[in-house]
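Can you keep this structure in mind? I'll have questions shortly.
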Amino acid sequence: MTFTMLAQQSVVTARTGRPQLSSRPSRSSLFRAAQQQVAGRRTSTIVAVRQFRDRDSASGTAKKAGAEADQTSTELLDKANAYVDDLKVKWDKTDEKPAVVAITTAAFVGVWALSGVVDRIDKLPVIGGLLELVGLVVTSWFVYRYLVFGPDREELKTNLDKFLSKVTGN
């Protein structure tokens, strides 16, 4: 008996008050049925992966993909190591380490709280659609104002460069 059949049987029992085949299924029988379904899916997934792998290895694409994946992973690893080394250098130059930790923690907590607020506002029936409309209007205005014409793109680039120089202190 499958998990869905057991679930349907419990629904019929709850609706009519009379068990269809037997009384409510036990938790262990539901758990066993779920395990059997998962095991069946796992087996079919493994078979599909093996078939795909066999087909690719027969055509030789698996070796090419493996070499490309190794090269890509090596490049990513090098970039990550360079980024970590840069962070270590900047951390060593920082004099106020507790302030940096406090600001970083506050930023994470703020983003988490803001995410909760936005999620709650989005669940309100009218407000979510209204905010989506406002977002579309603002995005359209930004594209028209800064991205459509060449001189406006230059102005945007200048503004961004000024902002970045203020933030980084260069």
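The values are calculated or read from the model by the stated rules, or taken from the named source; none is laboratory data. This is a predicted model, so every value here is computed, not measured. Using ideal geometry, Cβ is built from the backbone for each residue, glycine included, and neighbour counts are taken over all protein chains shown. These accessible areas exclude ligands, DNA and RNA; they are computed on the full protein's heavy atoms, side chains included. Shrake-Rupley method; radii C 1.70, N 1.55, O 1.52, S 1.80 Å.
How would 76, 147 line up by accessible area, probe 1.4 Å, largest first? Mind showing how you got there, number by number?
Working: 76 110, 147 75 Å².
The ranking, largest first, comes out as 76, 147.
Given 0.36 nm per residue, what is the gain on full extension from residue 122 to residue 148 after removing their alpha carbon distance, in nm?
Values: separation 26, 0.36 × 26 = 9.36 nm, distance 3.11 nm.
Length gained, residue 122 through residue 148: 6.2 nm.
If 145, 32 are ordered by their accessible area, calculated over protein heavy atoms with a 1.4 Å probe, which sequence runs from highest to lowest? Walk me through the intermediate numbers first.
Values: 145 75, 32 130 Å².
Accessible-area ranking of 145, 32, largest first: 32, 145.
Using a Förster distance of 41 angstrom, determine the FRET efficiency expected from the C-beta separation of residue 77 and residue 102, and round it to 0.05. Write down the numbers at each step before the final one.
On the way: r = 32 Å, r/R0 = 0.77.
FRET efficiency, residue 77 to residue 102: 0.85.
Given a Förster distance of 22 angstrom, what is the FRET efficiency for residue 133 paired with residue 112, based on the Cβ-Cβ distance and rounded to 0.05? Mind showing how you got there, number by number?
Values: r = 27 Å, r/R0 = 1.21.
That pair, residue 133 with residue 112, gives E of 0.25.
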